[in-house]
1. Which value, in debye to the nearest 20, gives the size of the charge dipole of the chain about its Cα centre, when Lys and Arg are +1 and Asp and Glu are -1 at the Cβ?
2. For residue 114 and residue 89, what is the calculated FRET efficiency with R₀ set at 30 Å and r taken between the beta-carbons, to the nearest 0.05?
3. So which lysines can residue 26 reach, going by Cα to Cα under 22 Å and dropping same-chain residues fewer than 8 places off?
4. Please give, to one decimal in nm, the separation of the simple spin-label points placed at residue 73 and residue 134, each 7 Å out from Cα toward the Cβ.
5. In percent, what relative contact order does the chain have, based on Cα pairs under 8 Å that are 6 or more apart in sequence?
6. On C-alpha positions alone, give me the angle between the axis of helix 112-131 and the longest principal axis of the chain, in degrees, nearest 10.
7. Between residue 1 and residue 107, how many nm apart are label points set 7 Å from Cα along the C-beta direction?
8. Calculate for the chain the 222 nm mean residue ellipticity that helices alone would give, adding -39,500 (n - 2.57) per DSSP H run of length 4 or more and normalising by residue count, nearest 500 deg cm²/dmol.
Amino acid sequence: MKTIKVSVVTPDGPVYESDVEMVSTKAQSGELGILPGHIPMVAPLQIGAVRLKNGGKTEYVAVSGGFIEVRPDQVSILAQSAESADVIDIDRAVRAKERAEQRLKEQQRENVDFKRAELALQRAINRISVAERRI
Ligand code: ATP
C-alpha cells in the first residue's frame, strides 16, 4: 500500500509525524480525504479531528483550525494547537466546555468575547470527542 508523510506542527513543536495510507479532516469548505499522489493544495481547516489511517488502524489528532498544505508525497498541518487523542486531558476539556457554556449564557451575541467563548467551546467539544474516539 502506498503511503504519504504527514506532519502536524504547532508553535510548541511537532505533535504528530508518520507515514500513512490516508488522511482525512474537515477543511472550511468541507470534508477532505487525501491519498498519496494528491494534487497540491492549501486550505484552511475547521476545529476538528484529523483521522490517520495506516495498516488497518486509525489514529486521531484534535486540531484547533489552522491550515493544511498538500503535496503529492507530504501533508503538513499547521495549527495554533493540536493534540493526539492519547494526550488529551478529558477533565480539562470538560472544565473548558463548562466555562465556555457559562460565558455564552452571560454574554451578548455581538460581543467579541462571545465569539471567543464559542471557539473555546468548539475546541473543548472537539477534544472530548477525539479523546473518546467519537468521530
Ligand atoms: P484551556 O482553557 O483548557 O486552556 P483552550 O482551548 O483555551 O483550553 P488552547 O489555547 O487551545 O486551550 O491550548 C493551549 C495549550 O494547551 C495547547 O498546547 C494545547 O495543546 C493544550 N491543551 C488545551 N486543552 C488541552 C487538553 N484538554 N488536553 C491536553 N492539552 C490541552
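Every number here is computed from the coordinates shown, using simple stated rules; none is lab data. If you're wondering where the values come from, they're calculated on a predicted model, not measured in any experiment. Reconstructed Cβ throughout: ideal geometry from the backbone, glycine too, with neighbour counts over all protein chains shown.
1. Details: 20 positive and 19 negative charges, 60 e Å.
With only Lys, Arg, Asp and Glu charged at Cβ, the dipole is about 280 debye.
2. Values: r = 26 Å, r/R0 = 0.85.
With a Förster radius of 30 Å, E is 0.70.
3. Those lysines meeting the cut-off are 5, 53, 57, 97, 115.
4. Placing both labels 7 Å along Cα→Cβ, they lie 4.2 nm apart.
5. Over the chain, the number comes to 22 percent.
6. 50 degrees
7. With each label point 7 Å from Cα toward Cβ, the separation is 4.3 nm.
8. On the way: 2 runs with 37 residues, N = 135.
Calculated at 222 nm, the ellipticity per residue is -9500 deg cm²/dmol.
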